[in-house]
Amino acid sequence: MSVNVVLWLWAPLAASLAFAALAPVTARHVPARTATWLLSAGSALLAAAAVTLPALALLNLVGQWASLASLG
């Protein structure tokens, strides 16, 4: 696996950890209604990234197999 693929696999985890660290600060300094929307949208975006990025990396690796690459 190349370095770029490994970074793309770990990116959602790193973003989730950063989001988890910043969420309490956001909740304290932003009005409740705005904080709820921001944290909900951020969580949904991170969940989508956590599913999409590894799936794209897997498709990239599968596409490099010689038997499948000859079909394309």
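The values are calculated or read from the model by the stated rules, or taken from the named source; none is laboratory data. These numbers were taken from a predicted model, which means no experiment stands behind them. Reconstructed Cβ throughout: ideal geometry from the backbone, glycine too, with neighbour counts over all protein chains shown. Each accessible area value is taken on the protein alone, full model and side chains, heavy atoms only, with ligands, DNA and RNA left out. Shrake-Rupley method; radii C 1.70, N 1.55, O 1.52, S 1.80 Å.
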Computed [θ] at 222 nm, deg cm²/dmol, the chain (DSSP H ≥ 4; -39,500 (n - 2.57); rounded to nearest 500): -30500 deg cm²/dmol
query: Between residue 22 and residue 3, what is the label-to-label distance in nm when each label sits 7 Å out along the Cα-to-Cβ direction?
result: 2.5
- request: Report, to the nearest 10°, how far helix 3-29 tilts away from the longest principal axis of the Cα atoms in the chain, using its own Cα long axis and a range of 0 to 90°.
  value: 10
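Considering only protein heavy atoms, what per residue accessible area in square angstrom results for the chain with a 1.4 angstrom probe? Working shown, then result.
Details: 5470 Å² over 72 residues.
Per-residue value: 76 Å².
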query: Which of the following values of P(r) over Cα pairs in 5 Å bins from 0, in percent was calculated from the structure shown: [x] 3, 15, 19, 16, 13, 10, 8, 6, 4, 3, 2, 0; [y] 3, 12, 17, 23, 19, 14, 9, 4, 1; [z] 3, 11, 12, 19, 16, 12, 9, 7, 5, 3, 1, 0, 0?
result: [x]
